[in-house]
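Here the structure is laid out as structure tokens; the discussion comes afterwards.
The values are calculated or read from the model by the stated rules, or taken from the named source; none is laboratory data. Note that the structure is a prediction, hence the values are computed from the model and not measured. Cβ placement follows ideal geometry from the backbone for every residue including glycine, while neighbour counts extend to all protein chains displayed. These accessible areas exclude ligands, DNA and RNA; they are computed on the full protein's heavy atoms, side chains included. Shrake-Rupley method; radii C 1.70, N 1.55, O 1.52, S 1.80 Å.
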Amino acid sequence: MAAGRLLLIPDGPASLLYATELVNQLRRRGYSLQVAPTAYDGPSATAFVSELAWATLSGHPCRAIESLDEAAFREQDLILLGPVSPRVFSIFCQGKALSYLQAAGRPVLAILPQLFPDEPLPHKEGGSFAQLMPPGSRLLTGSVPHGLGALGNLLLPSFEEVLAQVDSLLAPQDYAGKKVLITAGPTAEDLDPVRFLTNRSTGKMGFALARDAALRGAQVLLVHGPVALPAPRLPRLTPLPVRSATQMHQAVMDHWQEQDLAILAAAVADFQPLHCAETKIKKGEAQELSLPLKRTPDILATLGALPHRPFLVGFAAESDDVEANAQLKLRKKHCDLICANDVRKPGCGFATDTNQVTILAPDAPPLHLPLKSKEEVAHSILSEILRRL
């Protein structure tokens, strides 16, 4: 789903394991990547990884670092200095290299490893990194130890952090200024201290929506049930974990007034035990067990009935008469959009990395999306919402 042209300028021993893996992960993300490794007498990038290896990993011939000028930088969407030694970092913060970067106007993401947590950044005359570089440029310093074998350890940003920064720098900022509430995952309704009722939802769809909205500039509140997935770590995304349907309902009611958009993608339990036993329920001699259940709060219907609610999007995971049931839900719960999917279809149910969704609106024919990754589906859904917002 990602698109963009990156120029990576690696340097030093971190090239050996860290930068090469970063190339792999960026290419898996879908970015077009060209490498301009440093080459000088001493611990340059090419002293640890050959130009042939860089070209093989990136899929493009290496750029000679001496050839980098304004035109070379302007060809790219993002310049990634990473990781670079303090010496090379300083070179790009002054002189011709800096003037080329400033003239090209492309954002720069610099990764500066640290030998120790308290190692100071190199001195930069003329202002901070953000002031010197083109708008949007960012500087990441080390926080996670990475072993380089006999060369020792370096503190470097996690790959997840670097990828999130790259994605956010290159994503369209069409949700900038919007506040978005998203629910995701299942709920867990406790029977006793050991057992609970839940469903097969993993939260992948809701998390993909939250991540894409945050990357596109929204301030996102992600209310999620108990999931195994780690919540996305992005500057504009705030996770709010809950457990039960009642807790999720309360969290949504506490925050809905601040939102421009609410996307309720969670698979919320329709029923919960009438009573939760204080001690573990014993089977004893019983051959059967009856569990009295009561309805849970209907979060979607509650929001839909409010007079000044945010733009409201619901989800309908159906196993039969998908469009008919989703149309009924759209009308009955007063949604602006409903995203429906058939959980029986391969690749469309819970715990999959793909989904196939039909978007229903009160005033338009159904929009059928093809089977795609949940990240791509999330992007398409948010684009359709934005068209209507």
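Report the percentage of all Cα-Cα pairs in segment 171-300 whose separation exceeds 25 Å, rounded to a whole percent. Each step should come with its number before you reach the end.
On the way: 2732 of 8385 pairs.
Counting every Cα pair in segment 171-300, those more than 25 Å apart make up 33 percent.
Under unit Cβ charges (Lys, Arg +1; Asp, Glu -1), what dipole magnitude, rounded to 20 debye, does the chain have relative to its Cα centre?
Details: 37 positive and 39 negative charges, 105 e Å.
That gives the chain a dipole magnitude of about 500 debye.
Which longest uninterrupted range of the chain lacks any GluC sites (Glu not before Pro) assigned by DSSP to a loop state (not H, G, I, E or B) and surrounded by at most 14 other Cβ atoms within 10 Å?
Details: sites that count: Glu75, Glu125, Glu278, Glu285, Glu288.
Counting only loop sites that pass the neighbour cut-off, the longest clear stretch is 126-277.
Put a dot 7 Å past each Cα toward the Cβ at Ser67 and Phe271; how far apart are the dots in nm?
With each label point 7 Å from Cα toward Cβ, the separation is 7.0 nm.
Name the long-range amide H neighbours of Phe271: under 5 Å, sequence gap of 5 or more, or other chain; modelled H, no Pro or chain starts.
Thr296
His146 accessible area, nearest 10 Å², 1.4 Å probe?
We get 40 Å² for His146.
May I ask for the distance between the Cα centers of segment 290-327 and segment 333-371, given as a whole number of Å?
14
Pick from Pro86, Pro186, Pro230: which residue has the top mean-square fluctuation in a GNM of the chain where Cα pairs under 10 Å get a spring?
Evaluated over the chain, the most mobile residue of the options is Pro230.
Quick one: compute the contact order of segment 1-112, relative version, from alpha carbon pairs under 8 angstrom and 6+ residues apart, as a percent.
Details: 205 pairs, mean separation 35.2, N = 112.
Relative contact order, segment 1-112: 31 percent.
Is the shape of segment 1-113 rounded, prolate or oblate, going by the alpha carbon gyration tensor and its root eigenvalues a ≥ b ≥ c, with a/c under 1.5 for rounded and a/b larger than b/c for prolate?
Values: a/c = 1.56, a/b = 1.06, b/c = 1.48.
Verdict is oblate for segment 1-113.
Please give the solvent-accessible surface of Asp69 in Å², to the nearest 10, using a probe radius of 1.4 Å with every protein chain present.
Estimated to the nearest 10 Å², Asp69 gives 60 Å².
Go ahead and estimate [θ] at 222 nm for the chain from helices alone: -39,500 (n - 2.57) per DSSP H run with n ≥ 4, summed, over the residue count, rounded to 500.
-8500 deg cm²/dmol
Along Cα→Cβ, 7 Å out, is where each label goes; now give me the distance between the ones at Thr246 and Val194 in nm to one decimal.
2.3
Over 18 Å between C-alpha atoms is what I'm after, so list which of Lys204/Lys372; Lys204/Lys374; Lys179/Lys372; Lys345/Lys374 land there. Please list the in-between numbers first.
Details: Lys204/Lys372 13 Å; Lys204/Lys374 7 Å; Lys179/Lys372 26 Å; Lys345/Lys374 15 Å.
Those over the limit are Lys179/Lys372.
Taking H as built 1.01 Å from N, whose amide H comes closer than 5 Å to the amide H of Asn153, not counting residues under 5 places away?
Leu148
Before anything else, pin down the relative contact order of segment 139-181: Cα pairs under 8 Å, at least 6 apart, normalised by residue count, whole percent.
On the way: 28 pairs, mean separation 11.9, N = 43.
With pairs under 8 Å counted, the relative contact order is 28 percent.
Given Cα pairs under 8 Å that are at least 6 residues apart, what percent is the relative contact order of the chain? Spell out each step's value before the answer.
Details: 812 pairs, mean separation 40.7, N = 389.
With pairs under 8 Å counted, the relative contact order is 10 percent.
Separation between the Ser143 and Leu371 pseudo-spin-labels, each 7 Å from Cα along Cα→Cβ, expressed in nm?
Once both label points are built, they end up 3.8 nm from each other.
For segment 258-270, just list the computed ³J(HN,Hα) in residue order, Karplus coefficients 6.51, -1.76 and 1.60, θ = phi - 60°, integers in Hz, with x standing in for Gly and Pro.
For segment 258-270, the Karplus curve yields 7, 9, 8, 8, 10, 10, 9, 9, 5, 8, 7, 4, 7 Hz.
Under 15 Å from the 7 Å Cα→Cβ point of Leu306, by amide nitrogen: which residues of segment 251-267?
Answer for segment 251-267: 251-265.
Quick check: with the 1.4 Å probe, what order do Phe159, Phe129 take by accessible area, largest first?
Details: Phe159 40, Phe129 10 Å².
These residues rank, largest area first, as Phe159, Phe129.
Given H placed on each backbone N at 1.01 Å, which residues far from Arg138 in sequence or on other chains put an amide H within less than 5 Å of it?
Val108, Leu109, Ala110
Shape verdict for the chain, please, from the Cα gyration tensor: rounded (a/c under 1.5), prolate (a/b greater than b/c) or oblate.
Numbers: a/c = 2.49, a/b = 1.95, b/c = 1.28.
Judged from the Cα gyration tensor, the chain comes out prolate (a/c at least 1.5, a/b above b/c).
So how tilted is helix 159-170 from the main axis of the chain? Cα-based, degrees 0 to 90, rounded to 10.
90
Using a/c under 1.5 as the rounded threshold, could you call segment 2-41 rounded, prolate or oblate? The axes a ≥ b ≥ c are square roots of the C-alpha gyration tensor eigenvalues, and prolate needs a/b larger than b/c, oblate otherwise. Please report the intermediate quantities before stating the final value.
Working: a/c = 4.43, a/b = 1.74, b/c = 2.55.
Since a/c reaches 1.5 but b/c is at least a/b, the shape of segment 2-41 is classed as oblate.
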